[in-house]
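Asks: Here's a structure for you.
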Amino acid sequence: MALLEVEGLTVEFGSVATPLTAVDDVDLSIDAGEIVGCVGESGSGKSVTALALMGLVDFPGRVRARRMVFDGRELLSLSDAERRALTGKDIAMIFQDPLASLNPCFSVAFQLTETLRMHGTPEERGSARLRRARALELLQQVEIPDPTARLAAFPHQLSGGMAQRVMIAMAIACNPRLLIADEPTTALDVTVQAQVLDLLLRLQQERGMALLLITHDLAVVAETAQRVIVMYAGEQVETGPVPEIFDTPQHPYTRALLDALPEHNLDRARLKAIPGVVPGQYDRPAGCLLSPRCDFALARCSIDRPPLDGPAGRKVRCHFALDAAGRPTHGWSEEAAAGAVADTR
Amino acid sequence: MFTFILRRAALIVPTFIGVTLLAFALIHLIPGDPVENLSGERGMDPARRARLLHEFGLDRPLPVQYADYVGQVLRGDLGTSLTTHEPVLREFLTLFPATVELAFFAMLFAVVVGLPAGIIAALKRNTVADYAVMGVSLTGYSMPIFWWALLLILFFSVQLGWTPVSGRIAVEFDVPASTGFMLIDALRAGDAGAFRSAVSHLLLPTLVLGTIPLAVIARMTRSSMLEVLREDYVRTARAKGLPRWQVVLVHALRNALIPVITVIGLQVGLLLSGAILTETIFSWPGVGNWLVHGVQSRDYPVVQGGILLIATIVISVNLFVDLLYGVINPRIRHA
């Protein structure tokens, strides 16, 4: 049985009458010890999904789901206190900008031991000395040089990479079963990115925790994750095992993301890009959300929103899912596509 | 840290020159002089007037008088009052505890009510609670202090008879002055009636003097808190599963306090100037009241000395506040 099973997760902001749907009907399942990648452009709802899983979406945001089960417990029916007992303990999260994510007014030691004081074992909660020893141990585990001195440091005295290591130490302090990493390396120097990612993967392996890795770096997902979820404008557009998604993407968006990778553009002067931007609250198309930007869109695509369809574990949201050769299927024709493009212009 | 204090201390020199020069110039700019004030309604013959002016040293050119005054101050002598013939410093020190007592409770009231009000307004942003706090504080801030004092006196003292109209304590109590702080003196004398009387005399002046700082603190706390609540580290604190009060009062408040502390420091200066009005209205025997009398009788040494002493206090308070930043904000401590 999966560690985390989510069906129909929807997050809305704004008024009830004209809501801004940041996350729309997302299904997600993560097994214990599994790494699941979640990719998409900025504004595709990846971070909001993560915050909803953590229970951190604040009023006026509204989180709904048909099911949101973690380790056999329905998260949405828990009381606030019960939910908080899980948050930071069994489900932990690290964020994109580590320096902004640490409180500038408190020392590393305070911020590290705080988690232990909250969720630690009864011995840890009772003894400040034990908590300090554990904090030191955690800093060693995240490979921070001179950990004793770093305990007394304040966030402004840390580099970005160091700060992210402290964040990781804080997150793993209570041995979480699931770690959500929201673009954990995006804000870091390129040389540090690899180190932090390696550290994260090593800890994941050693501790057998599940990892939801949110990123827009497809290469990272290809190397690390077992399964991947591709998101676009708050919707899940494709999901499946990593090798299949990367070898035979069925959704034009996934395909376009892969085509935009530098290593797939070695013979070109310019990188291939996806024209346009992710639709916002007021320009959401009636049909497929990708239709204005899709190379293969037909008239039907801009009228009819496709459902997420396919066998278990390999689903795609497209009327004309691509075949193994990367061509649209199910009655798509070159002439109709040319006509549809002419219509929209 | 040490160089920081030194740098701040060096700033005191130009401030001192500015304050003495301004106080000196202003009091000499007002029409009339102490001698005229002494002569009363019947006037004084020119020869006697000239002799008195010479006696007070007021017939010399102003720059000479100023240089003389500064030299005197640097030797630690603030001069003697022309009306009471008491040393200015001694008069100030006798009256100052009354002002401190009033200012302290006014500030206490402003902080104790203003901080929570600002926090609540921030947490309940755009609700009735927020609008109420912001509306009331804007009203309080906009009200002329003397008018507000008169309204309160009319209602609570005259209409309801709950509080006395003026003074520090009812006449029937004779509390020996040991510290100069009426509440403490009354407690030390073990006189419960005197203590109650002192408290009831303190209520309205405290409310009046504390209103503006209260409004400023509440508004500043709200906006600072709103900003901080959006920070990533607040999200981190929540991601640890901390209860909401801990997120707000530990992680957010500590950061939100930094600009609020600045404002509190600046308010201390305003509080002392507000005390002049408040003390006059409530006949509170403090330095504000004393300064007003000094200006009215053109008592040059009193006005100059009083302003200089108050300026010194305001400067010291602001220096103290700057040092306090370091305690709250580690980025400054290590800079």
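Taken together, the values in this text are just the output of simple stated rules run on the coordinates, not laboratory data. Only a predicted model underlies this, so the values are computations on that prediction, with no experimental measurement involved. Quick reminder, even Gly has a Cβ in these numbers, built from the backbone with ideal geometry, and neighbours come from all protein chains shown.
Asks: Hey, got a sec? Which trypsin sites (Lys or Arg not before Pro) in segment B:94-175 land in a DSSP loop and have at most 15 other Cβ atoms within 10 Å?
Replies: The qualifying sites are B:Lys124, B:Arg125.
Asks: Let me ask something else about it. Quick one: check the C-alpha center-to-center distance for segment A:230-246 versus segment A:16-39, whole angstrom.
Replies: 11
Asks: Here's something else I'd like to know. Starting from the Cα of B:Ile12, step 7 Å along the direction of its Cβ; do the same at A:Leu201; then give the gap between the two resulting points in nm.
Replies: 6.2
Asks: For peptide A:52-58, compute the average count of partner chain beta-carbon atoms within 10 Å of each residue's beta-carbon.
Replies: So the per-residue partner count for this stretch is 2.
Asks: Now for a different question. Can you list the residues, at least 5 places off or on another chain, whose amide H is less than 5 Å from the amide H of A:Met231, using H built in the peptide plane?
Replies: Sorted by chain and number, the residues that satisfy this are A:Val39, A:Gly40, A:Val237.
Asks: What list of ³J(HN,Hα) values in whole Hz, one per residue of segment A:213-227 in order, does the Karplus curve 6.51 cos²θ - 1.76 cosθ + 1.60 (θ = phi - 60°) give from phi, with Gly and Pro shown as x?
Replies: My calculation for segment A:213-227 gives 9, 8, 7, 10, 9, 5, 4, 4, 4, 4, 7, 10, 7, 8, 10 Hz in order.
Asks: All other residues with a Cβ under 10 Å from the Cβ of A:Pro104 taken together, and with Lys, Arg as +1 and Asp, Glu as -1, what is their net charge? Could the numbers behind the result be given before it?
Replies: Values: positive: B:Arg254, B:Arg331; negative: B:Glu231.
Net of charged neighbours comes to +1.
Asks: Express in % the proportion of alpha carbon pairs of segment B:90-284 at distances exceeding 31 Å. Intermediate values should be presented prior to the final figure.
Replies: Working: 5679 of 18915 pairs.
For segment B:90-284, the fraction of Cα-Cα distances above 31 Å is 30 percent.
Asks: Just want the ordering: B:Thr139, B:Thr20, A:Thr191, from fewest to most Cβ atoms lying within 10 Å of their own Cβ.
Replies: A:Thr191, B:Thr139, B:Thr20
Asks: How far, in nm, would the chain grow between B:Leu21 and B:Glu36 when pulled straight, counting 0.36 nm per residue and subtracting the alpha carbon separation?
Replies: Using 0.36 nm per residue and subtracting the Cα-Cα distance, I get 3.1 nm.
Asks: Let me ask something else about it. Could you give the dipole magnitude of the protein assembly as shown about its Cα centre, charging the beta-carbon of Lys and Arg +1 and that of Asp and Glu -1, in debye to the nearest 20?
Replies: Approximately 880 debye in magnitude.
Asks: Hey, can you grab everything whose amide H is under 5 Å from the amide H of A:Ile94? Only 5+ residues off in sequence or another chain; H modelled, so Pro and N-termini drop out.
Replies: A:Ile180, A:Ala181, A:Asp182
Asks: Can I ask one more? So for segment B:141-184, what are the equivalent ellipsoid semi-axes in whole Å, largest first, each being the square root of 5 times an eigenvalue of the Cα gyration tensor?
Replies: On the way: eigenvalues 141, 46, 9 Å².
After diagonalising the Cα gyration tensor, the semi-axes are 27, 15, 7 Å.
Asks: While we're here: Using the Karplus curve 6.51 cos²θ - 1.76 cosθ + 1.60 with θ = phi - 60°, what ³J(HN,Hα) values do you get for each residue of segment A:186-200, in whole Hz, with x for Gly and Pro?
Replies: Along segment A:186-200, the couplings run 4, 8, 9, 4, 4, 5, 7, 3, 4, 4, 5, 5, 4, 4, 4 Hz.
Asks: Oh, and also: What value in Å³ per residue do you get for the convex hull of the alpha-carbon atoms in segment B:230-320?
Replies: Enclosed volume per residue, from the Cα hull, is 120 Å³.
Asks: Using Cα atoms only, what is the angle between the long axis of helix B:300-328 and the major principal axis of chain B, expressed in degrees (0 to 90) to the nearest 10?
Replies: 20
Asks: Oh, and also: Which whole-Hz ³J(HN,Hα) couplings does segment B:101-108 yield from phi under the Karplus relation 6.51 cos²θ - 1.76 cosθ + 1.60, θ = phi - 60°, glycine and proline marked x?
Replies: 4, 5, 5, 4, 5, 4, 5, 4
Asks: Then there is this: With a sphere of radius 11 Å drawn around the Cβ of A:Glu244, what net charge do the other residues whose Cβ falls strictly inside it have (Lys, Arg +1; Asp, Glu -1)?
Replies: Taking every Cβ under 11 Å from that of A:Glu244, the sum is 0.
Asks: Further, regarding this structure: If you average 1/r across every pair of different Cα atoms in chain B and take the reciprocal, what Kirkwood value do you get, in Å?
Replies: 22.8
Asks: Computed FRET efficiency, Cβ-Cβ of B:Phe2 and A:Ser159, R0 25 Å: what is it to the nearest 0.05?
Replies: The value I calculate is 0.35.
Asks: Here's a follow-up. Looking at segment A:96-189, which trypsin sites (Lys or Arg not before Pro) are DSSP coil and have at most 14 other C-beta atoms within 10 Å of their C-beta?
Replies: The qualifying sites: there are none.
Asks: Net charge within 12 Å of A:Ser159 by Cβ-Cβ distance, Lys/Arg positive one each and Asp/Glu negative one each, not counting A:Ser159 itself?
Replies: +1
Asks: Rank A:Lys89, A:Lys272, A:Lys315 by mean-square fluctuation in a GNM of chain A with C-alpha springs under 10 angstrom and give only the top-ranked residue.
Replies: Looking only at A:Lys89, A:Lys272, A:Lys315, the biggest GNM fluctuation is shown by A:Lys272.
Asks: In addition: Binned at 10 Å from 0, what are the whole-percent values of the Cα-Cα distance distribution for the protein assembly as shown, short to long?
Replies: For the protein assembly as shown, the pair-distance distribution reads 3, 12, 17, 17, 14, 12, 10, 8, 5, 3, 1, 0.
Asks: Return the tail of the calculated pair distribution for segment A:222-267, meaning the percent of Cα-Cα pairs more than 13 Å apart.
Replies: Looking at segment A:222-267, the distances longer than 13 Å represent 56 percent of pairs.
Asks: Using a 10 Å cut-off around each Cβ of peptide A:84-96, what is the average number of partner chain Cβ atoms that fall inside? Don't jump to the answer; show the numbers that get you there.
Replies: Values: counts 6, 1, 1, 5, 7, 2, 1, 2, 3, 5, 2, 5, 1.
What the average comes to for A:84-96 is 3.
Asks: Would you mind checking which residues have amide H under 5 Å from A:Leu322's amide H? H placed 1.01 Å from N; only 5 or more apart, or other chain.
Replies: A:His251
Asks: Kindly provide the helix-only [θ] at 222 nm of chain A, computed as the sum of -39,500 (n - 2.57) over DSSP H runs of four or more divided by all residues, to the nearest 500 deg cm²/dmol?
Replies: Working: 13 runs with 119 residues, N = 345.
That calculation yields -10000 deg cm²/dmol at 222 nm.
Asks: In nanometres, what is the gap between the two model label sites at B:Val70 and B:Leu319, each 7 Å from Cα along Cα-to-Cβ?
Replies: Here the answer is 2.0 nm between the modelled labels.
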